[in-house]
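Everything on this sheet refers to the single structure shown next.
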Amino acid sequence: MALLCACRRSSSSERPRQRGKLAQAASWIRRDLSLGAWTFLRGAGYAHVKRALASEGALHTASRWLWAALIGLGICHSVAAQQRRWAALDPNGEGSSPVAWGATEEEARQRALEACKKVSKTCANGPASTHDLNEVFAIVCCTEPRRGCAASAAANRREAVKNVQEMFADAGYKDCSVQHYMSAATGKRQ
């Protein structure tokens, strides 16, 4: 009787099976790299991890992904810097002016003028603007020597009101009061 041997022949492209800490580190790193995380085993030192990564080709793949991510972040940052939004508000006597936004300060100011003219005939024609959308617009109106309204944007309400009041005081206006505040980011009253 002939004895049949079912031996498996390994091709030249298959790697021999790794053993010990090196194999354990390689399998953990291979699994964790697919999840996007890095796990280092206790007892498997830097040399084992480095050899495991190098033997699996993961170090080269990981460095490619790292470079791609860094380049992607750089592109996104430069695009975000170019897409800075400006907010502007042209106050009116009724206190109904909306906040308008634009890619540039001039565009935002022009849109604020147009938005004010759609809702009122008493626009100030001097919009306040800001590039920091975390700021707040304060709308202040005075009654003496005649009715006039102005707006200013600042990091908080107190600073915004102070800026408008200083502007009115320099122009000789009196009897001023805060009408309302508006968010530069959302345009909503606060």
* Name the long-range amide H neighbours of Gln179: under 5 Å, sequence gap of 5 or more, or other chain; modelled H, no Pro or chain starts. => Ile139, Val140, Cys141
* Just grab the label-to-label distance for Glu107 and Gln190, each label 7 Å out from Cα along the Cβ direction, in nm (one decimal). => 2.5
* To do: Per residue of region 155-169, in order, report the coupling 6.51 cos²θ - 1.76 cosθ + 1.60 (Karplus, θ = phi - 60°) as ³J(HN,Hα) in whole Hz, putting x for Gly and Pro.
  => 5, 9, 4, 4, 5, 5, 5, 4, 4, 5, 5, 5, 5, 5, 5
* To do: Indicate the gyration tensor shape class of region 116-190 (rounded, prolate or oblate), computed on the Cα atoms with a ≥ b ≥ c the square roots of the eigenvalues: a/c under 1.5 is rounded; otherwise a/b larger than b/c is prolate and the rest oblate.
  => oblate
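Read-outs: derived from the displayed coordinates by stated rules, not from any lab. Given the structure is predicted, the values throughout are model-derived calculations rather than measurements. Methodologically, a virtual Cβ is constructed for each residue, glycine included, from the backbone with ideal geometry; neighbour enumeration extends over all protein chains shown.
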